[in-house]
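Below is one structure, written out as structure tokens; the observations come after it.
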Amino acid sequence: MQKSQMTDTENMLKNYYRSLNELWVKKAIIENLRKNANEIRNILLDVNELVPSRGIVTQYMAVSGGCVYVCDRSAQNYYEFTSSVEKFEKRLAALLHRGVKLKSQIIYLESAIEGITYALSLLDPVDRTICEKCYGLKEYSNLQIAKELRMDEKTIRYRRKKINQKLNLFLQDCLCVNQ
């Protein structure tokens, strides 16, 4: 295996783990968006059950100190209430719009990493662990991985080389099939 192919495979694995992390973050954000949207929906449902219609509210005139004001205070309160409800509705629409954008980004990321996820699933668990430690976000050294897995550093280097060869062959096969 040529050095350039090995470098390409290593870069692909690093990008894979970055994309995987980005995917997890986006899924957490979208879950948080769902919770916020559901809270706003529940508030809007509760409010709409409690508040009378505008026609009923405007029939009441506010009285203070025996004088009737020209401005109906109940109608003013209702106007302020409907303004705040509109703000909730706009916030809900913005959350739902952001959720749709995130879902499309998640779909794109999942499709981008699907082939590599499958290729990694073909490796044995120790090789997958070595890949994750070596090319993941923290990027452990061979010595650190060897200590953690209780192996020799040379064994880790050898296995990394074999992992790269297997993944490179798999990806070449995929490229040949797709062309």
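The values are calculated or read from the model by the stated rules, or taken from the named source; none is laboratory data. No experiment lies behind these values; they were computed from the predicted model shown. FYI the Cβ positions are ideal-geometry reconstructions off the backbone, even for glycines, and counts take in every protein chain you see. The protein model used for the area step is the full one, side chains on, heavy atoms only, and it has no ligands, DNA or RNA in it. Shrake-Rupley method; radii C 1.70, N 1.55, O 1.52, S 1.80 Å.
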With every protein chain kept in place and a 1.4 Å probe, the stretch 87-126 has an accessible area per residue in Å² of 70
Debye equation applied to the C-alpha atoms of the stretch 77-179, log10 I(q)/I(0) at 0.17, 0.18, 0.24, 0.25 Å⁻¹: -0.87, -0.93, -1.19, -1.24
I want to make sure I understand the PRE zone here: with the label point 7 angstrom from the Cα of R34 toward its beta carbon, which residues in the stretch 96-117 have backbone N atoms less than 16 Å away? 96-107
Would you list, by chain and number, the aspartates and glutamates whose Cα falls below 17 Å from the Cα of K101, excluding same-chain residues fewer than 8 positions away? E22, E31, E110
Taking K and R as +1 and D and E as -1, what net charge do the other residues with C-beta under 13 Å from the C-beta of N11 add up to? 0
What ³J(HN,Hα) values, in whole Hz, does the Karplus curve 6.51 cos²θ - 1.76 cosθ + 1.60 give for the stretch 162-173 when θ = phi - 60°, with x put for Gly and Pro? 5, 4, 4, 5, 4, 5, 4, 4, 4, 5, 5, 4
Kindly write out, for the stretch 79-92 in residue order, the coupling ³J(HN,Hα) from the Karplus curve 6.51 cos²θ - 1.76 cosθ + 1.60 (θ = phi - 60°), rounded to whole Hz, with x marking Gly and Pro. 4, 4, 4, 5, 5, 5, 5, 4, 5, 4, 5, 5, 5, 4
